[in-house]
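Undergrad: Dropping the structure in here first, questions after.
The values are calculated or read from the model by the stated rules, or taken from the named source; none is laboratory data. What you see is a predicted model; the values in this text were computed from it and never measured. Here the Cβ is made from the backbone with ideal geometry for all residues, glycine too, and neighbour counts use every protein chain on show. Note: areas computed on protein heavy atoms with side chains; ligands, DNA, RNA excluded. Shrake-Rupley method; radii C 1.70, N 1.55, O 1.52, S 1.80 Å.
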Amino acid sequence: MNLDAAAAAARQGFLYPAVIVHGRDLEARREAALTIARTLLCAEAPELRPCGVCRHCRRIAWPGAAAETAEAPFHPDFRVLERDLKTSTSVDSVRELLKTAQFSPFEARGQVFVIASAETLTGEAANALLKSLEEPHTTAPRHFLLLAPSRLDLLPTLRSRSLAIFLGSAVPVDPAAVEAVARPFAAALDAYAASGAAIHLLSAAGALSAAGGWEDPRAMRPWVLAAAVVLRTLGAGSPQGVSAGGGQNGTASAPPADSGRRPPAPTPASARPARLAFAEALLTAPAMRLRGITAERILEGLVARHLA
């Protein structure tokens, strides 16, 4: 889901209680959280939310964004939990936030709680939050917005109970580069489907590897490109989670008009789940790269695991 669709759901009161806001940069995620919070708590009619001028909209602001004066905006039903430790968000800070979530709203019709760096939640903190997500407020709407660079940075238990809003890739990828790699990758998979020979899976991994950029083990760009290539072969652009063209809605751009070659054929419906799982695995693969495993071996292993 993109931000516009989430705002539309919030206007009608249909937004899921737990929402992961991921993608883009930190500032974009903060602005998205403010937009959602204002939409949820705005005093105007649904079609006018967020109005930006009602007593709720005007007072919903990121902590520290304004000078600490008597005029600094504050809303008792909008709370932000920032990372309290050097590298993590502690269970104590989460539990303190959850105490507030046990009360009814002070002024608005609901409450909004933002976890500013959800990727830094400790395991204990994530489990404490999970318990609250499983026990929704019964008398008033209560929403938790979990901000993170990627939804994959959160525990699977949190992801399974949350709606993901993707703001766009922080690492834009050239559509022409995606198209150039997608053709040999798709051809190798088509050959494997026709013959069952494992050599074609190695060719598919080799097509991804040939895109280059693997020299820096910390680089995210080649993995994003590889995931975008896999999604391109689905035949319907990039779904939520990867932005092949760097667009806000996470959709891949069309192939260049002068490419002179047809794009990959759409993937059969039976193969789509495996391709999607493969694309997701590519975005978590840098952790293996940092352990000293070469990119070529990682790609071959992931291809065998998900596409064989």
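Undergrad: Report the longest stretch of the chain that contains none of the chymotrypsin sites (Phe, Trp or Tyr not before Pro) sitting in a DSSP loop with at most 15 other Cβ atoms within 10 Å.
TA: Result for the longest clean stretch: 107-308.
Undergrad: The list [x] 74, 47, 29; [y] 67, 40, 36; [z] 100, 56, 38 gives values of Cα extents along the principal axes in Å, and only one came from this structure; which label was calculated from it?
TA: [y]
Undergrad: A follow-up question, please. For the chain, which DSSP H helices look membrane-span-like by this rule: Cα extent along the axis of 20 Å or more and mean Kyte-Doolittle of at least -1.0?
TA: 26-41, 175-195
Undergrad: Let me ask something else about it. For the chain, which whole-number percentage of the solvent-accessible area (1.4 Å probe, protein heavy atoms only) is attributable to carbon and sulfur atoms?
TA: Solvent-exposed carbon and sulfur of the chain make up 54 percent of the total.
Undergrad: Please list, ordered by chain and number, the residues whose modelled amide H lies under 5 Å from the amide H of PHE144; skip anything fewer than 5 residues away on the same chain.
TA: ALA18, VAL19, PHE113
Undergrad: Give me the 1.4 Å probe accessible area per residue for the chain, excluding ligands and nucleic acids, in Å².
TA: That works out to 48 Å² for each residue.
Undergrad: Suppose only helical runs count, i.e. DSSP H with n ≥ 4. What mean residue ellipticity at 222 nm does that imply for the chain under -39500 (n - 2.57) per run, divided by all residues and rounded to the nearest 500 deg cm²/dmol?
TA: Calculated mean residue ellipticity at 222 nm is -12500 deg cm²/dmol.
Undergrad: Can I ask one more? Kindly identify region 1-86 as rounded, prolate or oblate by the Cα gyration tensor criterion: order the square roots of the eigenvalues as a ≥ b ≥ c, call it rounded if a/c is under 1.5, otherwise compare a/b with b/c, prolate if a/b is larger, else oblate.
TA: Oblate shape, in that a/c is at least 1.5 and b/c is the bigger or equal ratio.
Undergrad: Using 0.36 nm per residue of separation minus the Cα-Cα distance, give me the extension gain between ALA308 and GLU82 in nm, one decimal.
TA: Additional length available on full extension: 77.0 nm.
Undergrad: Run the numbers on the chain and let me know its relative contact order in percent, using alpha-carbon pairs under 8 Å that are six or more apart.
TA: In percent, rounded to a whole number, it is 18.
Undergrad: Apply the a/c threshold of 1.5 to the C-alpha gyration tensor of region 126-235 and tell me whether it is rounded, prolate or oblate.
TA: Cα axes put region 126-235 in the prolate bin.
Undergrad: Something else about it: How much accessible area does GLU215 have with a 1.4 Å probe, in Å² rounded to the nearest 10?
TA: Number for this one is 150 Å².
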